[in-house]
Amino acid sequence: MKFPLYFSRKIAFSKDNKNNLSRVIIFIGRLSVALGIIVSLITVATGFGSKKAIKERLADFSGHITVRSTRSNSSYNTSVLDNQGLNIAKIKELPDVESIQKYVTVTGIMRNEHNFAGIIFKGIGKDFDSVRFKKFLIAGTTPKVTEVGFNNDVAVSQKIANDLHLKVNDSIVTVFLKADQKPLYRKFKIIGIYRTDIKLIDEQFVIGGINHARKIQDMKPDEIGGIDIFLKNVNDIDKDFPDIEKLIGYKNYAEKATEKFPQITDWISIFDTNIALIIIIMLIVVVINIIMVLLILIIERTNSIGLLKTLGASNAQIRATFINYTLIIMIPGLLYGNAIGLGLILIQKFFGVIKLNPENYYVSTVPVDLNPIAIVSISLGILAISALALIIPSYLISKISPVKAIKYN
């Protein structure tokens with residue numbers, strides 16, 4: 001074992017540390033490291049968790065990537081998807097694609113004696129992923145669509161249900177307006193109530209049978225207004241988007257889930273800045289505290305430094321000894337910080353203790369994401385940066401004279 005490491009371990013675990021200033025200094029150093037780890041872990045876990053949760057909610061409701069006709073533009077009334085160049089079979093064969101479902105959307109107004117609500121009726125087919133949608137249901141079931149005839153069952157959001165005083169099994173009349181034509185009236189039965197916590201979705205969308213939307217849009221039985229493409233991993237959207245664009249034809253266009261609601265995307269991007277800023281601040285606090293610990297330990301052990309120099313130890317060896325000593329002091333702080341931080345994160349993950357207002361944050365509880373790489377990187381990063389930061393103040397040792405140090409009391 002090299003001398004600096006051996007001697008640093010000897011003084012770190014010396015019984016003398018329990019009876020002098022070192023005890024207080026060591027406690028402060030470990031406390032600052034533990035707090036830095038706890039705050040950093042919580043910041044990263046909740047920041048990444050919120051980004052992931054919001055992206056997944058957007059994607060699970062309307063597809064990770066959506067394909068529509070260019071004639072639809074930004075209208076909620078979808079035009080017929082052009083089949084020229086559109087190869088749905090090859091899209092399904094892409095390795096990252098999990099499933100595809102077709103739809104037609106049309107705008108309308110739901111009304112009763114209590115109130116009215118402008119809605120986007122999303123007609124779904126028999127390929128609709130009811131298992132994926134089930135996570136949003138808070139009452140009732142998902143409409144079962146066979147595409148044979150007309151199914152009057154629909155699922156509405158909790159927001160629409162509350163505004164119109166609706167509950168499961170109630171009936172509601174919906175008016176669909178068409179240019180230069182008389183309004184079309186449809187009577188639907190509420191069989192499901194959902195909530196995504198995404199305000200822009202919950203305020204508008206009603207899920208029902210695709211044949212109703214086709215009839216209103218004057219589409220043929222085999223025509224569709226768009227397809228929702230679901231990937232195996234929400235983080236693969238940017239990677240797979242170019243491959244999907246090549247298979248949709250030039251008269252159609254693809255849109256990422258994260259681009260449908262730009263205001264939400266802009267809000268999500270703020271997380272990256274906040275995460276980086278908080279980690280930098282905590283890192284500065286930890287480094288400053290650790291440097292102060294090193295300087296005080298050097299002053300406290302001036303006699304030992306003079307003795308080591310007298311016995312032939314070089315300045316580099318003594319500096320390495322005190323840097324190692326300070327890093328050894330940090331290790332318990334790292335362990336306690338990780339234990340407490342991960343404990344708090346797991347409590348939130350499984351029990352959802354901290355609640356949020358979904359109208360402001362798009363989620364009802366604080367989501368967390370336990371990323372092993374991020375957890376390890378935080379601890380190793382703080383340890384490595386602290387070690388580098390200790391190099392400059394450790395040069396104070398070279399200014400200590402052996403004769404004066406031995407006399408120092």
| Out of region 140-198, which residues are of a type in the set (K, R) and under 37 Å from the mean Cα position of the chain (by Cα)? | K144, K159, K167, K189, R195
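Give me the residue from region 267-292 that is polar (S, T, N, Q) and at pLDDT 85 or above and, out of that set, nearest to T43 (Cα to Cα). Before the answer, list the steps.
Within region 267-292, the first condition is being polar (S, T, N, Q), and the residues that meet it are 269, 273-274, 289.
Filter once more, so that each one left must be at pLDDT 85 or above: 273-274, 289.
Numbers: T273: 11, N274: 9, N289: 21 Å.
Once the filter is applied, the top-ranked residue is N274.
Taking Y325 as the residue in question, decide whether it is open to solvent by 30 Å² or more (accessible area, probe 1.4 Å) and aromatic (F, W, Y). Before the answer, list the steps.
Details: open to solvent by 30 Å² or more (accessible area, probe 1.4 Å): no; aromatic (F, W, Y): yes.
When the stated conditions are applied, Y325 does not pass them.
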| task | Identify, by number, the condition in (1) open to solvent by 50 Å² or more (accessible area, probe 1.4 Å); (2) closer than 30 Å to L231 by Cβ; (3) in a loop (DSSP other than H, G, I, E, B) that N151 doesn't meet. | result | (1)
| Out of all the residues in region 334-348, is one or more under 28 Å from F136 (Cβ atoms), without any contact (Cβ under 8 Å) to a residue 24 or more places away in the chain, not polar (S, T, N, Q) and not in a helix (DSSP H, G or I)? | no
| Give me the pairs: first residue in region 120-135 and closer than 24 Å to K215 by Cβ, second residue at pLDDT 90 or above and surrounded by fewer than 17 Cβ atoms within 10 Å (Cβ to Cβ), beta-carbon distance under 6 Å, and six or more apart or on different chains, which are they? | I120/T107; D129/S99
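Could you tell me which of the residues E255, E259, E245 is over 16 Å from the mean Cα position of the chain (by Cα) and modelled with pLDDT under 90?
Values: E255 fails: modelled with pLDDT under 90; E245 fails: modelled with pLDDT under 90.
Going through E255, E259, E245 in turn, the sole match is E259.
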| task | Answer yes or no: is there a residue in region 307-318 that is of a type in the set (S, T, Y), open to solvent by less than 30 Å² (accessible area, probe 1.4 Å) and under 27 Å from P393 (Cα atoms). | result | no
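Is it the case that some residue within region 113-127 is assigned to a loop (DSSP other than H, G, I, E, B) and either buried (at least 16 other Cβ atoms within 10 Å of the Cβ) or basic (K, R) (or both)? Can you show your working first?
First pass over region 113-127, keeping only residues assigned to a loop (DSSP other than H, G, I, E, B): 113-115, 125-127.
Now narrow it down to the ones that are either buried (at least 16 other Cβ atoms within 10 Å of the Cβ) or basic (K, R) (or both): 125-126.
For region 113-127, residues assigned to a loop (DSSP other than H, G, I, E, B) and either buried (at least 16 other Cβ atoms within 10 Å of the Cβ) or basic (K, R) (or both): present.
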| said: Looking at region 262-296 only, could you name the residues that are open to solvent by less than 30 Å² (accessible area, probe 1.4 Å) and touching a helix residue (DSSP H, G or I) at 6+ places or on another chain (Cβ under 6 Å)? | reply: I268, I275, V286, V287, I290, V293, L294
| Can you name every residue in region 297-306 that is open to solvent by 40 Å² or more (accessible area, probe 1.4 Å) and hydrophobic (A, V, I, L, M, F, W, C)? | I299
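The values are calculated or read from the model by the stated rules, or taken from the named source; none is laboratory data. Predicted, not measured: the structure shown is a model, and the values here were computed from it. FYI the Cβ positions are ideal-geometry reconstructions off the backbone, even for glycines, and counts take in every protein chain you see. The area values use the complete protein model at the heavy-atom level, side chains included, leaving out ligands, DNA and RNA. Shrake-Rupley method; radii C 1.70, N 1.55, O 1.52, S 1.80 Å.
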